[in-house]
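Inspection log for the structure reproduced underneath, given as structure tokens.
The values are calculated or read from the model by the stated rules, or taken from the named source; none is laboratory data. For clarity, every value in this text was computed on a predicted model and none was experimentally measured. Every residue, glycine among them, receives a Cβ derived from its backbone with ideal geometry; neighbour counts consider all protein chains shown. Each accessible area value is taken on the protein alone, full model and side chains, heavy atoms only, with ligands, DNA and RNA left out. Shrake-Rupley method; radii C 1.70, N 1.55, O 1.52, S 1.80 Å.
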Amino acid sequence: MVDLFLDRVLVENNWDQDERNTEREMIGLLENRILLLFFASAECRKCQEFVPVLNDFFKRLKDPAYIEYPKLLALIYISLDQSEEQQERLLKEMHKKVLFLAFEDPYRRELQAMFKVKDVPTVVVLRPDGSVLSPNAVQDICRYGSDCFRNWQESAEVVERTFMLNEEYDNLPPFRSATDLVRRLKYKTEDDKRQKNWWNLWGKGKNGNKEEEEDGTWDTKKKEGNKGIWRRR
């Protein structure tokens, strides 16, 4: 999967349109993921109608606003537009986490020939090893929505990870959810409580002895059989 885009430049569909071109970045974006190659054109009416459906599908699997752990999925837009303006027009309608190839990159047409794409819209689904899982998943996405990802995942034997990924959680706060801190306090162990109480009692006892030592006396009532006041020599 990563080899398919090594030595290429992928651009993020965010405000800055950040470019990703190092091997490390490609591994972080594509390794152990189901990859969707979305072939489309802004001039195609069916493509325009499909983009909102694809956006909803994608955000339900990747957007932290909809899912706690984003799925191992990547979406790359392969433009078949006739001009850069047309490509930009369609990208404005797509999710900000979508990746794309620059309009001047001839690799767009190479991918079209490689996967024998003749009609648009086409969504080619690839396994992590680069093999084709579905030559065109447009109908499945329209019919089943995000549920079809589960079938792809099982078929591709993608290992699901439930810990946070650097790519998705660089800017998240320390707790995974708004209620995480509340749960930690609510279910604090009794051992922790006992340890805290013991520490407080030990501290009080130590402070009390210290005051008595500073005064130079010991309370005779605490020692039976002794009379008078003991003083240090």
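General remarks:
- Annotation: per residue accessible area for the range 30-89 equals 40 Å², rounded to a whole number [probe 1.4 Å, protein chains only].
- Surface share of carbon and sulfur [accessible, 1.4 angstrom probe, percent] for the range 2-160: 44
- The range 8-105: chymotrypsin sites (Phe, Trp or Tyr not before Pro) in DSSP loop, at most 13 other beta carbons within 10 Å: TRP15, TYR66
- Dipole of the range 2-160 computed with +1 at Lys/Arg Cβ and -1 at Asp/Glu Cβ about the Cα centre; of TYR144, PHE38, THR22, farthest Cα towards the positive end is TYR144.
- Report note on the peptides 68-76, 21-29, 4-12: ranked by the mean count of other C-beta atoms within 10 Å, highest first, their order is 68-76, 4-12, 21-29.
- Estimated translational D of the range 2-160 in µm²/s (Stokes, Kirkwood radius over Cα pairs; 20 °C; 1.002 mPa s): 136
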